[in-house]
Amino acid sequence: MNFLEERICRDGVVKEGNVLKVDQFLNHQMDTALFKQMGEEFQKRFAGKNINKILTIEASGIGIACVVAMYFDVPVVFAKKSKSINIEGDMYIAEVESFTHKCKNQVIVSKKYLGPDDHVLIIDDFLANGCALQGLISIVNQAGGTVEGIGIAIEKGFQSGGRVIRNLGYQLESLAIVEGMDASTGAITFREQNTCN
């Protein structure tokens, strides 16, 4: 069992509807020491890749992406879920559906921050149905950039997102892949068949 699986077992909470709450350490309160371990691991997994930018989506991917970016010594760009008066000029736009929030959003990135010379590592906290990732891939493609890889903290292996993204030919690295959860017992099974209650 790796460091993230251990933390999920200790502090994650399984809720009805295939919801895994990890807000104590990942996406509400953030454990920066854990994020540091994640950054180190992503650096190992994408070693040798020509990465000059990290791309994520607001909001809960930003913290992880910033720490990962420190290991690659590159800037972070995050796709915004709504247009604000601060964004000027031309934008790349993609529509994404949120598994957690059960809604569709248009996400936008200013053309000033992503272009054909960019070699992008996409980082996010969760992968469920893959819609957010497909939106980010679309934005990189619109920019003429290259997706060098995708790093995910927690993948729900029992949903289709990981399979869809891997079938598109991308290097997708998930630090923890949850194969099953039982809200009645709190049990979580990971892809390597490690189980915790």
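The values are calculated or read from the model by the stated rules, or taken from the named source; none is laboratory data. What you see is a predicted model; the values in this text were computed from it and never measured. Positions of Cβ are backbone-derived with ideal geometry, glycine not excepted, and every protein chain shown enters the neighbour counts. These area figures cover heavy atoms from the full protein model, side chains too; ligands, DNA and RNA do not enter into them. Shrake-Rupley method; radii C 1.70, N 1.55, O 1.52, S 1.80 Å.
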Residues satisfying the stated conditions in segment 127-146, i.e. in a strand (DSSP E or B) and in contact with a Leu (Cβ under 8 Å, 6 or more places away or on another chain): 127
Apart from one, (1) within 15 Å of the chain's Cα centre (by Cα); (2) in a loop (DSSP other than H, G, I, E, B); (3) among the hydrophobic types (A, V, I, L, M, F, W, C) all hold for residue 158; the odd one out is (1)
Could you say whether any residue in segment 74-93 is modelled with pLDDT of 95 or more and not in a strand (DSSP E or B)? yes
Limited to segment 14-51, what total is found for residues that are small (Gly, Ala, Ser) and in contact with a helix residue (DSSP H, G or I) (Cβ under 8 Å, 6 or more places away or on another chain)? 1
So which residues in segment 15-53 are open to solvent by less than 40 Å² (accessible area, probe 1.4 Å), under 15 Å from residue 176 (Cα atoms) and in contact (Cβ under 8 Å) with a residue 24 or more places away in the chain, if there are any at all? 20, 22, 26, 34, 35, 38, 39, 42
Could you tell me which of the residues 149, 144 is closer than 18 Å to residue 67 by Cβ, surrounded by fewer than 20 Cβ atoms within 10 Å (Cβ to Cβ) and not basic (Lys, Arg)? 149
